[in-house]
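Working notes, beginning with the structure itself.
The values are calculated or read from the model by the stated rules, or taken from the named source; none is laboratory data. Not measured: the values here are computed from a predicted model. Here the Cβ positions follow ideal geometry from the backbone for every residue, glycine too, while neighbour counts run over all protein chains shown. Areas reflect the complete protein model, heavy atoms only, side chains present, ligands, DNA and RNA absent. Shrake-Rupley method; radii C 1.70, N 1.55, O 1.52, S 1.80 Å.
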Amino acid sequence: MPEVEQEILNINVHIDCDGKCEGCEKYFGCSLAQKDQMLLRRRMDKAERAMSRIKHKIITVGGKGGVGKTQVAVNLAMALAMRGRRVAILDQSFDGPCVPIMLGVEGKGIGYTEEGLVPTEGPLGIKVVSMGLILPEDEVVTWFHNMKRNATEEMISHVLYGEQDYLIIDVPAGTSSDTVNIIQYIPDMSGAVVVTTPSMVSQAVAYKVTILLQQAKVPVFGVLENMGTFTCPQCNEGIDIMQSGAGKRLAEKCKVPFLGTIPFDVQVADCGDDGIPFVYRHPDSEAAKVLTATVDYLEGQVWKG
Amino acid sequence: MQGEEERRGIVALNVELSCDFMCENCERFFKCKSPEKLKIFDRRRMGRVRQTMARIKHKIAVCAGKGGVGKSMVTANLATALAMRDKKIGILDHDFDGSCIPRMMGVLGKKLIMGRKGIIPVEGILGIKIIAMGLILAEEDTNTWYHELRRNATEEFLAHVQYGDDRDYLLIDLPPGTSSDAVNIMQYIPDLDGMIIVTNPTRVSQVVAKRALLMALEAGVTVLGVIENMSGYICPKCGVNTNVLKKGGGETLAKEFDVPFLGRIPLDPAVSYSSDVGKPYVYEHPESPASKAVFLIADQIEEMVGEKIQEEICQK
C-alpha cells in the first residue's frame, strides 16, 4: 500500500500567547506591543538596578559545548583585572559550573547578608558568582526552565556586585533557557564574544547562537577561535588536530570581526585544571597574546559607546 | 563599607516546590519517593513510547555532563562499529540545540519524512536509522525551546518514529548538561540498558562528568562505563605522545564509582576531519588507534548487554 509521505519541514507545536513573556520561547521573534510592558511588571526592575552599577556587561557564547567559552571568560576577566579594571564574573552554567575551578576558588563557598548574596573574591579581586560555589560537589542539578530562570534572576538582582567596570557572563552550551534568560534580563548588554573551535561541526552550532544574538539585538564583538594549531613540544611540528578555518568562516558569514585563534596548547588545559588563568601564568604565550589583543579590542569598543 | 557583616554560607538555593502531580515536569522526579509518582506518570502518554521502545532490543544513552568531550563523535562511531558487525542500529540525536549527528553520519541535508504510521528515519551508512533535530531544522534555525516543547519533541521522537522491529540497538546521544533532555530520556525509557559516560582527561571535565554519573545513579540507570576521549596525541613526525589535556580524569572517575573504564580514545586529526565530512572514522580508518579503541568499547558493550559471550573477546 503506498504511503502518503510528506517531508517534515517543522515540528508542529502549539504555541498560544498566554501573556507570560518570561516563559515564552518565541520571545525574540515576538513583535507584540504588550511585550515590553509585561516584562516590566515582573521583577526586572531589581535586576536593572543591580546591573546599572556595572558599566559594561559582556557574554561569552558558543552554542557548541567544550569550545572554551569558560576559558575565554575567565581569561578575559583576568586580563581586565590585570590592567586595573574592577571585574565581576557570573557563571550561568547550573549543570556543570566550571568558573570556580578555573579561577582557583573551588570550595570557597558564597556568603549571604540581609541585603543579598556576597560574591566570592577571586584572584586580583575578581568577584565570582557561580552555582559551583553553592552546590556541593556530589549534588546534581536537574533543573528545567523555570528554576533556571529564577536562579538567573537571583544571581542578577540579589547579588551585591557593587560598582564594577565589567561583568563577564559565561553562558553554557545550547541556545535555549540559559542564553535566552540572561539576554532578557540584561537588555543593555554591551556585547558578546562568540567562541568556536576550527571544525565545521562547531561552526554550525556557533552560527545558530550568533543568529540568536542578532535576533535579540545583542552586539557581537567578534568570533574568537580556540584550539587551533597544536605544536608538538618535542619536535615543534605544528598540526591542526581539529581542521581549520571555522573561526574566519563564521566571522565572514555573520559579518562580524574575526578576533584571532588561540592555539591548542597543553598549558591552557593545565591552567584550567590548576585554577590559574593562562594570561596570568603564561603571559608570553601565543594564547595569552591573542587573548590580550581581544581585550584591547573590546576595551576600544565599549569605551567608545 | 559597614563594620562586621553577618555572613552565612549558602548551602542551598531556596526555591519553592510544592507537588502539583505533574510528574513529567518535575525537577525532583528522581528524588521523589511518593508512591503516587509512577501511577500518575503511566496515565500520561507513556504507553505508546513503551510499545515502540519494546520492539528495540537494547537502548543505550551516551552522556557526559560536560560539553565538547566527544559524545556525538563516540555515539556515531560506536553505532558504525556495531553496524560493521552486522547489527541493526538506530541513532537518536537528542541534542536539539546543536544537533551534530546528521553531519557526522553524512546525512546532513536529508529530511525526515512523515509516513502513515509515523516519522520515517533517515538512513545512513550500513542501514543505520537516524533521527535528529538537525534533519528538521534549517542551518540558520535556532531552537530556543524550554522544557515543555522539549518533552513533547522527545515523546514524538520516541513514540512516533518507525524504528521498525529489527533494531538491535538504539543509541541516544544526549546534549551537555543534566537537565530536561537527559532527564526526559531517562523518564521515558525506564528499561534503558544503561548509560555510557564520555569524558576527556582534564579534571574540569571529570568534575562535571561526576554530576552526570550521579544523575544516572539517582535515576536508577546502570552506568555501563566511562570512556576517556581526547586522550593523548601521537605526533606523526616524531612519534612522541603528548597528553595535551592532562591525563587520567576518566579512569579516576570510573574507579571512584566502581564502574567499568571502557578505554581511551586518542586525539587524531582524522577523527575531526571525518566528523566534518560525515564519514565515520571507524569505517574509513578501521586500523587507526582511535578506531581500535572504539571497536574494543563495542566489544565490551555487547558483552555487557548480553549479546556477546566472554570467550569471543578473549580470543581477539
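Could you tell me the total accessible area buried at the B-A interface, probe 1.4 Å, in square angstrom to the nearest hundred?
7500
With a sphere of radius 13 Å drawn around the Cβ of A:Leu298, what net charge do the other residues whose Cβ falls strictly inside it have (Lys, Arg +1; Asp, Glu -1)?
Residues near A:Leu298 contribute +2 overall.
At 222 nm, what helix-only mean residue ellipticity would chain B give, in deg cm²/dmol to the nearest 500, using -39500 (n - 2.57) for each DSSP H run of four or more?
Result for chain B: -10500 deg cm²/dmol, rounded to the nearest 500.
Amide H neighbours of A:His56 under 5 Å, at least 5 residues apart or on other chains, H built in the peptide plane: list them.
Answer set, sorted by chain and number: A:Tyr166, A:Leu167.
When the Cα atoms of region B:116-209 are enclosed in a convex hull and the volume is divided per residue, what value in Å³ results?
So the per-residue hull volume is 161 Å³.
Starting with the highest mean, order B:187-195, B:171-179 by the number of other Cβ atoms within 10 Å, averaged over the residues of each peptide.
So the order, starting with the most tightly packed, is B:171-179, B:187-195.
Taking K and R as +1 and D and E as -1, what net charge do the other residues with C-beta under 10 Å from the C-beta of A:Cys271 add up to? Mind dumping the intermediate values first?
Values: positive: A:Arg281; negative: A:Asp265, A:Asp270, A:Asp273, A:Asp274.
Charge balance near A:Cys271 sits at -3.
Defining a contact as two alpha carbons under 8 Å apart and six or more residues distant in sequence, what relative contact order in percent does region A:100-203 show?
21
Please label the shape of region A:212-305 as rounded, prolate or oblate, based on the square roots a ≥ b ≥ c of the eigenvalues of the alpha-carbon gyration tensor (a/c under 1.5 means rounded; beyond that, a/b larger than b/c means prolate, else oblate).
Oblate shape, in that a/c is at least 1.5 and b/c is the bigger or equal ratio.
How many nm separate the modelled label positions at A:Arg281 and A:Lys253, each set 7 Å beyond the Cα in the direction of the Cβ?
Here the modelled spin labels are 3.3 nm apart.
Mean 1/r over all different Cα pairs, inverted: what Kirkwood radius does chain B give, in Å? Walk me through the intermediate numbers first.
Numbers: mean 1/r = 0.0486 Å⁻¹.
Evaluated on chain B, it is 20.6 Å.
How many nm separate the modelled label positions at B:Glu287 and B:Ala54, each set 7 Å beyond the Cα in the direction of the Cβ?
Label-label distance for B:Glu287 and B:Ala54, simple model: 4.8 nm.
With an 8 Å Cα cut-off and a minimum separation of 6 or more residues, compute the relative contact order for chain A in percent.
It comes to 22 percent, rounded to a whole number.
State to the nearest 20 debye the size of the charge dipole of chain B about its Cα centre, where the only charges are +1 on K and R beta carbons and -1 on D and E beta carbons.
About 320 debye.
With the solvent-accessible surface defined on protein heavy atoms using a 1.4 Å probe, which residues belonging to region A:139-160 display a reduction of at least 50 Å² in accessible area in the multichain context relative to the isolated chain?
For region A:139-160, once contacts with the other chains are taken into account, A:Val140, A:Thr142, A:Phe144, A:Met147 lose 50 Å² or more.
Take each complete run of DSSP H in chain A, measure how far its Cα atoms stretch along the helix's own axis, and keep only those covering 20 Å or more with mean Kyte-Doolittle hydropathy at least -1.0; list them. Before the final figure, lay out each step's value.
Numbers: long enough: A:200-215 (22 Å, 0.81); A:286-304 (27 Å, -0.01).
Flagged H segments are A:200-215, A:286-304.
Would you mind computing Rg(Cα) / (2.2 N^0.38 Å) for region A:94-144, counting N as its residues?
Dividing the Cα radius of gyration by 2.2 N^0.38 Å gives 1.15.
Towards the positive end of the charge dipole of region B:59-107, with charges on Cβ (+1 Lys, Arg; -1 Asp, Glu), say which of B:Thr80, B:Gly70, B:Ser99 has the farthest Cα.
Most positive-ward Cα: B:Thr80.
Could you point to the residue in B:Thr199, B:Thr144, B:Ile234 farthest towards the positive end of region B:115-257's charge dipole, with +1 and -1 charges on the Cβ of Lys/Arg and Asp/Glu respectively?
B:Ile234
Would you mind computing, in nm to one decimal, how far apart the modelled labels at A:Asp138 and B:Lys31 are, each placed 7 Å from Cα along Cα→Cβ?
Once both label points are built, they end up 1.5 nm from each other.
Past 23 Å, Cα to Cα, is the threshold; run A:Lys69/A:Lys253; A:Lys217/B:Lys111; A:Lys64/B:Lys59; B:Lys66/B:Lys246 against it and keep the listed order.
Working: A:Lys69/A:Lys253 20 Å; A:Lys217/B:Lys111 31 Å; A:Lys64/B:Lys59 25 Å; B:Lys66/B:Lys246 16 Å.
Pairs exceeding 23 Å: A:Lys217/B:Lys111; A:Lys64/B:Lys59.
Starting at the first residue of region A:91-98, write each ³J(HN,Hα) from the Karplus equation 6.51 cos²θ - 1.76 cosθ + 1.60 with θ = phi - 60°, in whole Hz, x for Gly and Pro.
Listing the rounded values in order: 8, 8, 8, 8, 6, x, x, 10 Hz.
At 20 °C and 1.002 mPa s, grab the translational diffusion coefficient of the protein assembly as shown from Stokes-Einstein with a Kirkwood Rh over Cα pairs, rounded to a whole number in µm² per second.
The estimated diffusion coefficient comes to 87 µm²/s.
What does the convex hull of the Cα atoms of chain A come to per residue, in Å³, rounded to a whole number?
182
Per q in 0.20 Å⁻¹, report the Debye log10 I(q)/I(0) for region A:147-305, using one uniform scatterer on each alpha carbon and no solvent.
Results for region A:147-305 at q = 0.20 Å⁻¹ read -1.43.
Tell me, what % of the accessible area of the protein assembly as shown is carbon and sulfur with a 1.4 angstrom probe? Working shown, then result.
Numbers: 12470 of 25170 Å².
So the carbon and sulfur contribution to the accessible surface is 50 percent.
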